[in-house]
Amino acid sequence: MRRSELERRAAAAASGSAVTLEMVAREAGVSPSTVSRILNGTARVRDSKVRAVEAAIAKLQFLPNPVARSLAGGKSMSVGVVTQAIDSPFYGVSLAGIEKGLLRAGYSPLFVSGHWREGDERSCVDHLLSRRVEGIILMTSRLPDEELVNLARSVPLVVTGRRVDGDRVYCVDVDSTLGARVATDYLIGQGHRRIAFISGPPDHPDALQRLDGYRAALAAGRIPFRSKLVAAGDYLEAGGQAAINALLDARVEFTAVFAANDQTAYGAMLALHRRGLKVPQDVSVVGFDDLPTSAFIVPPLTTVHRYTDEIGEGAAEAIVDLIERRTPHARVSAPTLAIRESTRPWRD
């Protein structure tokens, strides 16, 4: 009886008969150097040779050794990725996209967390530089623009969640101002005039952009901006819950809530429920991010959909382009609104 593929590989490894580059070359009828150059993407050979090598790799189940490739090319073939919270549901989707894009290009990601603190993020960057990474992706960096521009002089840099102008710095993200305006415009179109906004942390660039979008939509709808309708949040569920309680305790009247992200919206909806208010019968709620769980809470959340997987894959594509001295062109689709059951028209 034929052994399984896993059994075959295990037996080959145990007997020391792992497939080598020379064996692939022999099977394909080319030289080992040709196989190596095809694997490294530096070969200028006929398509027929490329197909022969690919067929030999598939037949022999050859697994290139990334360490050997690194030593041969004098490169680490790794990219550092600084996220703020590796357990965040938003960053989780983006990190999966980064991993997918980097592995596809032959690079390995090294993930570290900055915990929303400049000092921690700076330590992360120093650690990654000590590991000789080829480039760094910073997810919503807290570091000053000038520091990021200086860092890019040492290593190619991709930044998400904000705009930074500098050589060897490329920014990949969704327009948060536009997304917030889309959300607020929708509520205005549903007849809401007293729209509360639960903000993100004031020192986050993307949080400020969402406040700008909220204000711009109010201005376009000829609705006065009222500071008492803006409650401070922290992008977490507990912050959304506290913000709603603060608004209700201050007897602020509102018929709708636009939360700066979905986690904030979850906390807001829980607070409304505990205060005896129904969503959407009494208060409509809109979030931002369209996390995978937002379609499955009760009621399902209307939210700004931003293409989080595109952010991750776009960041990976851009850093590889910078490392390999190409001009990046990665773009992310404009935000749209996922309309669900947490909102309804309002009529006074």
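The table for this structure:
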item	result
Excluding exposed DSSP-loop chymotrypsin sites (Phe, Trp or Tyr not before Pro) (at most 14 other C-beta within 10 Å), longest clean stretch of the chain	1-224
Trypsin sites (Lys or Arg not before Pro) lying in DSSP loop within segment 249-348, provided at most 16 other Cβ fall within 10 Å	Arg251, Arg275, Lys278, Arg325, Arg326, Arg331, Arg347
Only Lys, Arg (+1) and Asp, Glu (-1) charged, at Cβ; segment 176-305 dipole about Cα centre in debye	600
GluC sites (Glu not before Pro) lying in DSSP loop within segment 297-348, provided at most 16 other Cβ fall within 10 Å	Glu324, Glu341
For Val230, residues with placed amide H under 5 Å, excluding near neighbours	Phe197
Whole-angstrom Cα spans of the chain along principal axes, big to small	80, 55, 34
From phi via Karplus (6.51, -1.76, 1.60), per-residue ³J(HN,Hα) for segment 264-275 in Hz, x at Gly/Pro	4, 4, 4, x, 5, 5, 5, 4, 4, 4, 6, 9
Amide hydrogen neighbours beyond the local backbone of Tyr170, cut-off 5 Å, H modeled	Leu157, Val158, Val159
Computed [θ] at 222 nm, deg cm²/dmol, the chain (DSSP H ≥ 4; -39,500 (n - 2.57); rounded to nearest 500)	-14000 deg cm²/dmol
Simple Cβ-charge dipole of the chain, Lys/Arg +1 and Asp/Glu -1, about Cα centre, in debye nearest 20	760
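A short reminder: the numbers here are calculations on the coordinates, not readings from a lab. Remember, predicted model here, so these are calculated numbers, not experimental data. Cβ coordinates were reconstructed from backbone atoms using ideal geometry, including for glycine residues, and neighbour counts include every protein chain displayed.
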